[in-house]
Every structure is written in structure tokens, then in C-alpha cells.
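Everything below concerns the one structure shown next.
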Amino acid sequence: MSDAISLSHALARGFAMKCPNCGRGHLFGRFLKVVDHCEVCGEDYTPQRADDFPAYLVIVIVGHLTVPVILWIETDYSPPVWLQLAVYLPFVLFASLALLQPVKGAVVGMQWALRMHGFDENAPADIPPV
Ligand SMILES: [Zn+2]
């Protein structure tokens, strides 16, 4: 069943924080805690190893959104530093928190679609469990 689901579809379902396999079950039990099994289709998500990759992606995304705007505003308007900090720091904080769970869902969806780590049921037996 998982062979019929494309990588882009699994990424989109993961980004929507839904099960990459069925698209209906919730992928997260808590903020960044991936469920062990999908409540709808029973897909096992214990083999996921997202680790720090979602955080790195969020840093890249938020950085690429904010740094050009900050540079443009600074060179064209030069607002006071306190005003810049009052605007940029909350934006970066909330944008990072808002993106972290969807990006982690997309990473888990990618690992699942590409049969990475323990998602590969044909993995050699000599690979030790993580
Ligand atoms: Zn499911």
C-alpha cells in the first residue's frame, strides 16, 4: 500500500501533521512527539529518526524569510534598534514554533516514503537497532 503513495504526497501529509500512509490519523501525540502507531491505519512510526533535522530546516526557512527583510528595512529606513528587536524577535520565535511541527511531520513523511531507517522491512538483519 505504501508503494502507491508518492514522496510529495507523503511530504504533504506529514506537513499537515497527518499520517503519511492514510492521511487521516494524527502523526503527533504531543507537540513534537510522534505517535508510535497511526490510530486509523496502524502504521508503525517507531522507526522514525527525525532527530535535529527539522530544527535545522526551520532555521534555514525562517532565516531566509527574515534576514533579507531585516537588511532591506535597515538599509532603507534605519528604524531604532529597540523597535527592530520588538518586531523581529517575536516574529522569529513564533514563526519557528509554528513551523517546527509541520516540518518534523514532513521529515517523518520523507523517511517513511523513502523507507529510511526502520521503515525498510527488507533491511539487513545485521544493522543494530538505534
Ligand atoms: Zn494512518
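Each value in this text was obtained by applying a stated rule to the coordinates, not by laboratory testing. The structure presented is a predicted model; accordingly, all values stated were derived computationally and were not measured. We place every Cβ from the backbone using ideal geometry, glycine too, and count neighbours over all the protein chains shown.
Annotations
- Net charge contributed by nearby residues that have their C-beta within less than 14 Å of V34 (K/R +1, D/E -1): +1
- The phi-based Karplus calculation (6.51 cos²θ - 1.76 cosθ + 1.60; θ = phi - 60°) puts the 3J(HN,Hα) values of region 67-78 at 4, x, 5, 4, 5, 5, 5, 5, 6, 8, 10, 6 Hz, whole numbers, x for Gly and Pro.
- Net length gained if the chain between A98 and R49 were fully extended (0.36 nm per residue, minus Cα distance): 15.6 nm
- Other-chain or far-sequence residues with amide H under 5 Å of K18's (modelled H): L27
- Among the chymotrypsin sites (Phe, Trp or Tyr not before Pro) in region 1-38, those placed in a DSSP loop whose Cβ has at most 15 other Cβ atoms within 10 Å are F31.
- Using θ = phi - 60° in the Karplus curve 6.51 cos²θ - 1.76 cosθ + 1.60, the 3J(HN,Hα) couplings for region 20-32 round to x, 6, 10, x, 10, x, 6, 8, 10, x, 10, 3, 10 Hz; x is entered for Gly and Pro.
- Using a Gaussian network model of the chain in which every pair of alpha carbons under 10 angstrom is joined by a spring, one finds that among P79, P47, P20 the greatest mean-square fluctuation is at P79.
- Comparing mean-square fluctuations of L100, L27, L85 from a GNM of the chain with C-alpha springs under 10 Å, the top value falls on L85.
- Database remark: amide H of H37 closer than 5 angstrom to the amide H of Y45 (H placed geometrically; neighbours at sequence offset of 5 or more, or on other chains; Pro and chain starts carry no H).
- The length gained on full extension between H64 and L32, counted as 0.36 nm times the residue separation minus their Cα-Cα distance, comes to 9.2 nm.
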